[in-house]
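**Q** One structure follows; several queries about it will come next.
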Amino acid sequence: MSTHDRKPFYVTTPIYYVNDKPHLGHVYTTMVADVVARYHRLRGDDTFFLTGVDEHAAKVSDKAAEHGLSPQQWADQNAAAFRDVFAKLEMTNDDFVRTSSDRHKAKVTEYVAALIASGDVYAGEYTGWYDAGQEEYVPENKAKEYDYKSPVNGKPLVKKAEKNYFFKLEKYRDDLLKFYAERDGSDRGSYVQPEARKNEIVNRIKEANDIPISRTGSNGWGIPVPGDDSSGGQTIYVWIDALFNYLTYVDDDDRRHYWESGATHFIAKDILWFHAAIWPALQMALSKCDGYAWVWGEEVRNNQLVYTHSYWVSESGEKMSKSLGNFLDPAAIDNYVDEFGLDALRYFLATRGPLGTTDSAFSPDLFVEVYNSDLSKKIGNSSSRVAAMTAKKLDGMFGFASDYRHMHLATGTPLGVLLTGFQNGMDTLKLAQAGDCAIDVVRLVDSYIEETEPFRIAADGDTREELETILYSCAEALRIASVLLWPFIPDKCEQFWSRIGCGHYAERLKDKGRGDLAAWVQWGQLQPGTPIEKGEALFPRYQVEKK
Ligand code: MSP
C-alpha cells in the first residue's frame, strides 16, 4: 500500500453545550463531518473523526439548578442524549469528547500551566461586557455597536468587573495576519473557508486585544486555573477549555499523528471568531512552551482549516435554536427517520444544507421533493429497473459485456468528468457538488436506457449479447454511483451491494474499516454470471397526502 493510501485525516465538529438536548443544528454539523469522514475512509485514509460535548458553561450549571440537579448530573443526562442521538444516526465518530472527563481536564490544566509559565497567560483585571447566552466577552466598541444587547438572542449584555487571567492575544496579531497571508492561495486554501468569511476576521485581528481566559463565581463548575491562589476560585473560561478539546483527545502517542496532519474543523458562523483568531493564537503560544513544538508544526500550518457553515433556519427565516424556541427537536428528527429512513435524512441535510455562506430554510415540502426526485426516482427506480430487466430477460444473472460498441457509458467522457467532479467536491467540502455528480452517474444510466431501449431487445438469438452488454453496463455504472454515494447513504448502498455481489465492500468498510475508492470506481468489477437480487425498492416513492 502506498503512503498516500494511509494518509492521516482528522475531522472535528464543535463540542455542543449540554444545557439542553440535541437539535437539528447539532446533528447537521456532526452529519456533515460524518459524510466527510466516511469519504476519507472510503479512499483508504487513516481517518479520525471527533465530536462531543462542552460541559463547563454557566448555562449548564444554571439549567441544572433549575432542575434541582448538580451540574455534573445535568451534564451527564444531556451528554448521554447527544451520544445516543449520534449513535442512532450512525455517526462514525472515533471518540466522543466530554470536557468533564479526567483526560480532558488533566490536559487543559497542563496546557494552561505551560502558558502561565511562558508568560502568555497573566493575571489582570477585566472590566467590560459579557454575553451570558453566548458565554462570550464583548469589547466596548462591539457592545456599543450591538446597543448593549446580545446580537444572538437580544438579551442585555452584563457589565463585568473581575480579576482574571488574560491571554496575550494582542501579541499574536502579526503572527496571525502572517499565517493568514501564507495560506492564501496555498494548496489547501485559506485557513477560514468559505473564503468569503475571511475578511471580517482579518480586520478584527488587526484590532484584537488580550482576552480574559478565566472567570470567578462558577462555584467549582469548571477546570481550576492551575496555581491560582486568589480567594475567588478562578476557573478556566469555558471557551478556552472547549477549544482545547481538539487537542486533548488526540494528545497521546497513538493519536498525535492525526493532529500533526492538520485538522479540518467544521463549525457554524456563530463561533467563527474563537476558531479563526483565538484558536490559532493559542496553538502558536502553546507551541513555544517546552515539549509542544508539534502543536504548530509545518503540516498543521499548511493544512488546518476552519470550515464555517451557515444556519438552518425555519421557513420564516429565523435561526433554529433552542434559545429562540424554534427548532426541530429530537422527536422531529425521529419522525423523519421513521418516515423516510435515516439515509434520506442524511442525504437531504448533507446536500441541501447551509454549507455555503447563505442560510437554508428547513422545508418539509422541499424534503419530500428531494427525496422523490433524487432518491426515489433516480437511485431507487434505476436500480429497480435494471434488476427487473435482468431478472425477466436474463434469468437474474449478469451476462458478459462483450460488445464494446455499447460501452460508451464506461468509455465516454461523462463518467470520468463526474468522478473528478465528485472527488473535487469532496476534497473542497462542497458536498452538494459531490452529491450531484454521484446522482448524475445514475442520470447517465437513465439516458443510456432511453437510448438503447433494452426493454425492446430480445434475450435470445442474435441480440442476446447486445442485451447482456447493455444491462451489464447499467449495473456497472450503478455500482460506481453507489460507491460514490456511500458516504451520504451508507445503509442503502450496502443493501444494494449485497444484491449485486459486492458485499465485500461493506465488509471492508465495517467498523470504520478502510475502503479502496480508486479501485472500486474502475470499470468492469462486476463478475459475469453473478446473480442479481431484485429486493424491495430502496427508496419507495413518497406520496404526499392531499389535504
Ligand atoms: N460549545 C460551543 C462550541 C465550542 S467548540 C470548541 C457552542 N455550542 S453550541 O451547542 O451552541 O453549538 C453551536 C454549533 O451547533 C454551531 O457552531 C453549529 O455547528 C451547530 N448549530 C447550532 N444551531 C444551528 C443551526 N440552526 N444551523 C446549523 N448549525 C447549527 O457553541
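**Q** Looking at segment 47-78, which of its residues are under 29 Å from T264 (Cα atoms) and acidic (D, E)?
**A** D54, E55, D76
**Q** Exactly one of (1) part of a helix (DSSP H, G or I); (2) away from the ligand (no atom under 15 Å from the Cβ) is unmet by W239. Its number?
**A** With (1) part of a helix (DSSP H, G or I); (2) away from the ligand (no atom under 15 Å from the Cβ) applied to W239, the lone miss is (2).
**Q** Right, next: What residue, of A196, A181, is in a helix (DSSP H, G or I), of a type in the set (A, V, I, L, M) and modelled with pLDDT under 95?
**A** A196
**Q** Residues in segment 488-546 that are over 31 Å from the mean Cα position of the chain (by Cα) and assigned to a helix (DSSP H, G or I): how many?
**A** Residues flagged as over 31 Å from the mean Cα position of the chain (by Cα) and assigned to a helix (DSSP H, G or I) within segment 488-546 amount to 0.
**Q** Scan segment 315-335 and give yes if some residue there is modelled with pLDDT under 95, of a type in the set (D, E), surrounded by fewer than 18 Cβ atoms within 10 Å (Cβ to Cβ) and in a helix (DSSP H, G or I), otherwise no.
**A** Yes, the conditions are met somewhere in segment 315-335.
**Q** Which one of these is more than 21 Å from the chain's Cα centre (by Cα), of a type in the set (S, T, N, Q) and within 16 Å of the ligand (Cβ to nearest atom): S218, S287?
**A** That would be S218, the only listed residue that is more than 21 Å from the chain's Cα centre (by Cα), of a type in the set (S, T, N, Q) and within 16 Å of the ligand (Cβ to nearest atom).
**Q** So for segment 338-356 (the condition being closer than 24 Å to D241 by Cβ and modelled with pLDDT under 90), does at least one residue qualify?
**A** Checked against the condition, which is being closer than 24 Å to D241 by Cβ and modelled with pLDDT under 90, segment 338-356 yields no hits at all.
**Q** I would also like to ask the following. Kindly provide the set of residues from segment 143-175 that are over 28 Å from P224 (Cβ atoms) and either touching a residue at least 60 places away in the same chain (Cβ under 8 Å) or among the β-branched types (V, I, T) (or both), ordered by number.
**A** V152, N153, D175
**Q** Further question on the same structure: If you take the residues of segment 427-457 that are open to solvent by 50 Å² or more (accessible area, probe 1.4 Å) and in a loop (DSSP other than H, G, I, E, B), which of them is farthest from R41 (Cα to Cα)?
**A** By that ranking, first place goes to E453.
**Q** Determine whether segment 126-133 contains at least one residue that is more than 16 Å from the ligand (Cβ to nearest atom) and open to solvent by 50 Å² or more (accessible area, probe 1.4 Å).
**A** The answer is yes; a qualifying residue exists.
**Q** Right, something else. For segment 336-382: of the residues being free of Cβ contacts under 8 Å to residues at least 60 places away in the same chain, outside any loop (DSSP other than H, G, I, E, B) and under 18 Å from the mean Cα position of the chain (by Cα), which is farthest from the ligand (Cβ to nearest atom)?
**A** F348
**Q** Would you mind finding the one in R204, R188 that is open to solvent by 30 Å² or more (accessible area, probe 1.4 Å), among the basic types (K, R), in a helix (DSSP H, G or I) and away from the ligand (no atom under 16 Å from the Cβ)?
**A** R204
**Q** Let me ask something else about it. So A281 ticks every box in (1) away from the ligand (no atom under 14 Å from the Cβ); (2) surrounded by fewer than 21 Cβ atoms within 10 Å (Cβ to Cβ); (3) modelled with pLDDT of 95 or more; (4) closer than 23 Å to K168 by Cα but one. Which box is left unticked?
**A** Status for A281: all satisfied but (2).
**Q** Among the residues of segment 42-83, write down those that are at pLDDT 95 or above, touching a strand residue (DSSP E or B) at 6+ places or on another chain (Cβ under 8 Å), in a helix (DSSP H, G or I) and open to solvent by 10 Å² or more (accessible area, probe 1.4 Å).
**A** Correct list: R83 only.
**Q** Filter segment 249-274 down to the residues that are buried (at least 22 other Cβ atoms within 10 Å of the Cβ) and in a helix (DSSP H, G or I), then identify the one that is farthest from the ligand (Cβ to nearest atom).
**A** In this case the residue turns out to be Y258.
**Q** Do any residues in segment 130-142 that are within 21 Å of K59 (Cβ to Cβ) and at pLDDT below 85 have Cβ atoms under 9 Å from those of residues that are within 13 Å of the ligand (Cβ to nearest atom) and among the aromatic types (F, W, Y), where the two are at least six apart or on different chains, and which pairs are they?
**A** From segment 130-142, the pairs are E135/Y17; E135/Y237; E135/W239.
**Q** Being in contact with a Lys or Arg (Cβ under 6 Å, 6 or more places away or on another chain), in a helix (DSSP H, G or I) and surrounded by fewer than 24 Cβ atoms within 10 Å (Cβ to Cβ): is that true of A87 here?
**A** Considered against the rule, which asks whether it is in contact with a Lys or Arg (Cβ under 6 Å, 6 or more places away or on another chain), in a helix (DSSP H, G or I) and surrounded by fewer than 24 Cβ atoms within 10 Å (Cβ to Cβ), A87 comes out as no.
**Q** Within segment 288-307, restricting attention to residues that are part of a helix (DSSP H, G or I) and touching a residue at least 40 places away in the same chain (Cβ under 8 Å), which residue is farthest from K171 (Cα to Cα)?
**A** Across segment 288-307, the extreme among qualifying residues is N303.
A quick yes/no check of all residues on (1) open to solvent by less than 50 Å² (accessible area, probe 1.4 Å); (2) over 27 Å from S447 (Cα atoms):
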site	(1), (2)
Y347	yes, no
G353	yes, yes
D365	no, yes
K378	yes, no
S382	yes, no
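**Q** Could you list, in sequence order, the residues of segment 1-35 that are under 18 Å from N424 (Cα atoms) and within 14 Å of the ligand (Cβ to nearest atom)?
**A** Answer for segment 1-35, where residues must be under 18 Å from N424 (Cα atoms) and within 14 Å of the ligand (Cβ to nearest atom): V11, V32, A33, D34.
**Q** For segment 365-401, give me each residue that is of a type in the set (V, I, T) and closer than 14 Å to I532 by Cα.
**A** V386, T390 - these are the residues of segment 365-401 that are of a type in the set (V, I, T) and closer than 14 Å to I532 by Cα.
**Q** Checking K178 against (1) more than 16 Å from the ligand (Cβ to nearest atom); (2) open to solvent by less than 70 Å² (accessible area, probe 1.4 Å); (3) free of Cβ contacts under 8 Å to residues at least 24 places away in the same chain, which test does it fail?
**A** All conditions pass for K178, except number (2).
**Q** Separate question: Output the residue which, of all residues in segment 494-547 that are among the acidic types (D, E) and assigned by TED's automatic domain parsing to the domain that holds D374, is most open to solvent (accessible area, probe 1.4 Å).
**A** D511
The values are calculated or read from the model by the stated rules, or taken from the named source; none is laboratory data. What you see is a predicted model, and the numbers here were worked out from it, not measured in a lab. Here Cβ is always computed from backbone atoms with ideal geometry, including for glycine, and neighbour counts include all displayed protein chains. With ligands, DNA and RNA removed, areas are computed over all heavy atoms of the protein, side chains included. Shrake-Rupley method; radii C 1.70, N 1.55, O 1.52, S 1.80 Å.
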